[in-house]
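Let me begin by presenting the structure, written as structure tokens, before commenting on it.
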Amino acid sequence: MIGDTLELIVVAVDDIASSLRHVRLAAADGGPLPPAAAGANIQLRLQGAARTWRNAYSLISPPGRRDAYEIIVRRVPESRGGSAFVHEVLKPGDRLVASWPSNLFAPQRTARHHLMIAGGIGITPFLSYVADFAHSGASHALHVCCRESETGTFAPWLQACGELHHYWDADGHRLDIPALLARQPAGTHLYVCGPAALNDEVIQAAANAGWPASHVHCEHFGAALSGGTPFTAFLSRSGIEVEVGESESLLEAIERVGAAAPCLCRGGACGVCVTRVLEGEPEHRDHYLGAAEREGGELIMPCVSRARSTRLVLDL
Amino acid sequence: MSLVFKPEETFRGDYSYRNSDAAILRFPFPFPEDRYMYSVNIEPHVRSGPTDAFCRPFDIDEHYIAECRDRALTLELDPGRCQVLPHMMAAQWDTLELLMENLAADYPEQFSLTKEGDVFGSRWTWINRPLGIEQHFIFGDPDTLPCEPFEYITRQAQGDFAICDQREDNLYLDAGMITSQADWSLAFNVGMNFMEWHGPVPLAHQAGVFERALKYLLMLRLGQPVRRLNWTMSINPRLDTSPESYPEWGPDRASVTVENAGGKVHLRVELQTLWRLPRSNAILFPIRCFLISIEELARVPKWGKRLYRVLSSLPPELAEYKGLTRYLPATLAWLAPLDDGAQLATGIGPDITELAPL
């Protein structure tokens, strides 16, 4: 089980509500997919006519399922366009490149009780949580805030849910977050995934009620670790100028043009790829450089870090 | 690779463990340069490397059967060498799946895995020909195995295994099968976090090595395992150099002379790999131990010379921490005549394809 990208094929698309599309993806070669944990996501490379999107989606298939990955995509009018692409263009038989699953929102296995609060499409990571807890027998409850018309939308994935409540915006149906938190047993872990306003409200309510931060978890869909705004890098020793695209790392761009760049971990920890910056302002994303070195602005770890300025001149 | 096992060799008592020429040439020699110091020497665990020992996700060699038997003996004497905290059941199954799939893929003559499905509840059949095992079980149901899944599969693998649960931006040592350790105790360390269990290591904390390593490991990705080498030395080819059994092996350190050092003093190298586990999101930490006497090692001229240079320039704190102080002078005296001062190529490969006959 070693690899970083997957070739997937769209097996089915179904609209489960007016703005919600369920997509089922299998390995293009027909083989088993890597298993994934509750809370995992995959990043899909969506190849549009004019541009490419890299969007991360929670896997809603039961953890460990290897015949197919399932995602649910809400159409967001003001989105960058990836969700519109899924709703308008994607069809069965299409092939997609995806990352291996990764997980920034795994359940805490030491919890005595799992309390989940979902807002809207933020329910998706909890669909795999519920399947996991149903198998392990872990105590859990899911509180869903959504439109009244959507309370039944996710029912097919929630049949094994131990305790389930729905809330919507009408008198007598709103979630009283402080009251919910106040009645939890000791040892409870709280998870929230929803619009920023809900996330903030829940986190603040937990802090007000004295919950330790280590017991409060919020899903924050990461952008690509190494991607970002495009910029130009000039490699002064080799005299090469390279455009660093939004979906590649500086190191990948340097490698693409064939310049020698020593590296080891490719994750900003080992320090091997440290490079002198001769001009421009780095945007540091590594774990290696100390605070003084960061402020000095004379060193960069090209495997993860990028540029605040439009151009960097590197001693390479 | 054809595997000819040596089922009768021993890691205690008469210490009959020896390396064949092929085993010497594939040894993961840990020193790319003439001096050694700690670093975050982590690289992707890919299917290639400077010697054959690096080339498979989970390495099996000629010592497989004998090592599994030695592990069983240690567990019989001290069942506490395998401990798993209760919240680690998903990680146990992850480990079993990872090991069975890789062993069956890389060593089809020795192992086979047949599945009726991939998800929990599926019927699986595991065949381990070297150990004569055929096991039908239900993936996800511990009651269908003779013991819990982590113990079951790690009794059939070379090297120690730890599993770290990830929470609170830290890693917790919440499971282990530890019978071939370089003088650390699972019973003492179980449940500790990353900073706690590395507490005793000298010099590296000041360099910030552990903060960086922890941050890196917290981001370790599924499908992208990494590896590093660690090393120490042991007197006699003994796998079980644990604090619990110290009275059995500690005194051997006083038995080393210049005359017997070649056969008694062993370089002990750990090929450590780190794997993100898929269902549990825990990290599996296999510690594959390779033992070689300095006499065997010196049959690769580059390695004999380099070992002398590394040991003679080792900071005293490191020699003390690794427990070498008492027998280091005799070891250096044995190695010194091998070093002609020639410049040695950087890198850890043997740089030869055949050993000179004995």
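A quick yes/no check of all residues on (1) outside the structural domain of A:ARG183 (by TED's automatic domain parsing); (2) modelled with pLDDT under 95:
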{"site": "A:TRP53", "(1), (2)": "yes, yes"}
{"site": "A:TYR57", "(1), (2)": "yes, yes"}
{"site": "A:GLU78", "(1), (2)": "yes, yes"}
{"site": "A:ALA84", "(1), (2)": "yes, yes"}
{"site": "A:GLY93", "(1), (2)": "yes, no"}
{"site": "A:PRO107", "(1), (2)": "yes, no"}
{"site": "A:ILE117", "(1), (2)": "no, no"}
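Beta carbons closer than 8 Å, at least 6 apart along the sequence or on distinct chains, pair a first residue in region A:286-297 that is free of Cβ contacts under 8 Å to residues at least 60 places away in the same chain with a second that is among the hydroxyl-bearing types (Ser, Thr, Tyr) for A:ASP286/A:SER305; A:HIS287/B:TYR216. Filtering B:ASN41, B:ASN19 for residues that are modelled with pLDDT of 95 or more and either within 14 Å of another protein chain (Cβ to nearest Cβ) or under 18 Å from the mean Cα position of the chain (by Cα) (or both) leaves a single hit, B:ASN19.
Can you say whether A:ALA213 is out of contact with any strand residue (DSSP E or B) (no Cβ under 8 Å at 6 or more places or on another chain) and within 30 Å of A:MET116 (Cβ to Cβ), as far as the supplied structure shows? When the stated conditions are applied, A:ALA213 passes them. Listed by position, the strands (runs of 3 or more DSSP E) enclosed by region A:17-109 that each have at least 3 residues that are of a type in the set (Val, Ile, Thr) are A:69-74. Exactly one residue among B:GLN135, B:GLN158, B:GLN92, B:GLN110 is touching a residue at least 60 places away in the same chain (Cβ under 8 Å), of a type outside the set (D, E, K, R) and over 28 Å from B:ILE24 (Cα atoms), and that residue is B:GLN92. Looking across region A:179-202, just one residue is under 19 Å from the mean Cα position of the chain (by Cα), surrounded by 12 or more Cβ atoms within 10 Å (Cβ to Cβ) and farther than 18 Å from A:HIS166 by Cα, and that is A:ASP200. Would you confirm whether or not region B:72-87 contains a residue that is assigned to a helix (DSSP H, G or I), in contact (Cβ under 8 Å) with a residue 12 or more places away in the chain and within 9 Å of chain A (Cβ to nearest Cβ)? Within region B:72-87, one or more residues are assigned to a helix (DSSP H, G or I), in contact (Cβ under 8 Å) with a residue 12 or more places away in the chain and within 9 Å of chain A (Cβ to nearest Cβ). Suppose the filter is assigned to a helix (DSSP H, G or I), within 14 Å of chain B (Cβ to nearest Cβ) and aromatic (Phe, Trp, Tyr); does A:PHE126 pass it? So A:PHE126 does not fit the description; no. Taken together, A:ALA170, A:ALA141 contain a single residue that is without any contact (Cβ under 8 Å) to a residue 40 or more places away in the chain and assigned to a loop (DSSP other than H, G, I, E, B), which is A:ALA170. A search for C-beta distances below 7 Å between a residue of region A:195-210 that is among the acidic types (Asp, Glu) and any residue that is surrounded by 13 or more Cβ atoms within 10 Å (Cβ to Cβ), counting only pairs 6+ apart in sequence or on different chains, returns A:GLU201/A:ILE177.
Considering region A:98-121 alone, what residues qualify as being in contact with an Asp or Glu (Cβ under 9 Å, 6 or more places away or on another chain) and away from chain B (no Cβ under 14 Å)?
A:GLY120 - this is the single residue of region A:98-121 that is in contact with an Asp or Glu (Cβ under 9 Å, 6 or more places away or on another chain) and away from chain B (no Cβ under 14 Å).
Taking region B:188-223 as the range and being in a loop (DSSP other than H, G, I, E, B), of a type outside the set (Gly, Ala, Ser), within 22 Å of the chain's Cα centre (by Cα) and closer than 20 Å to A:ARG109 by Cα as the test, the residues that pass are B:VAL190, B:MET192, B:LEU220, B:ARG221, B:LEU222. Out of the residues in region A:127-177 that are over 30 Å from B:GLN92 (Cβ atoms) and of a type in the set (Ser, Thr, Tyr), state the one that is nearest to the chain's Cα centre (by Cα). Here the residue is A:THR153.
The residue list B:ARG12, B:ARG71 contains one member that is crowded, with 17+ Cβ neighbours inside 10 Å, in contact with a Ser or Thr (Cβ under 7 Å, 6 or more places away or on another chain) and of a type in the set (D, E, K, R), which is B:ARG71.
The condition (being touching a Lys or Arg at 6+ places or on another chain (Cβ under 8 Å) and of a type in the set (A, V, I, L, M)) is satisfied by just one residue among B:ALA356, B:ALA333, B:ALA319, B:ALA298: B:ALA356.
If you go through region A:22-59 and pick out every residue that is over 18 Å from the mean Cα position of the chain (by Cα) and touching a residue at least 60 places away in the same chain (Cβ under 8 Å), you end up with 1.
Applying the criterion of being more than 14 Å from chain A (Cβ to nearest Cβ) and without any contact (Cβ under 8 Å) to a residue 60 or more places away in the chain to the residues of region B:44-71, the residue that is nearest to B:SER2 (Cα to Cα) is B:GLU62.
Listed here are the residues, each with its yes/no results for (1) surrounded by fewer than 18 Cβ atoms within 10 Å (Cβ to Cβ); (2) more than 24 Å from A:ASP15 (Cβ to Cβ); (3) among the charged types (D, E, K, R).
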site	(1), (2), (3)
A:GLY119	no, no, no
A:GLY122	no, no, no
A:VAL130	no, no, no
A:HIS140	no, yes, no
A:VAL144	no, no, no
A:GLU148	yes, no, yes
A:THR151	yes, no, no
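Exactly one of (1) among the hydroxyl-bearing types (Ser, Thr, Tyr); (2) touching a residue at least 60 places away in the same chain (Cβ under 8 Å); (3) farther than 30 Å from A:ALA36 by Cβ is unmet by B:SER185. Its number? (2) is the only condition that B:SER185 fails. Taking the conditions exactly as written (assigned to a loop (DSSP other than H, G, I, E, B), touching a strand residue (DSSP E or B) at 6+ places or on another chain (Cβ under 7 Å) and not basic (Lys, Arg)), does A:ALA118 satisfy them or not? In short, no.
The values are calculated or read from the model by the stated rules, or taken from the named source; none is laboratory data. This one's a predicted model, so the numbers in the text were calculated from it and none came from an experiment. Note that we place each Cβ from the backbone using ideal geometry, even for glycine, and neighbour counts take in every protein chain shown.
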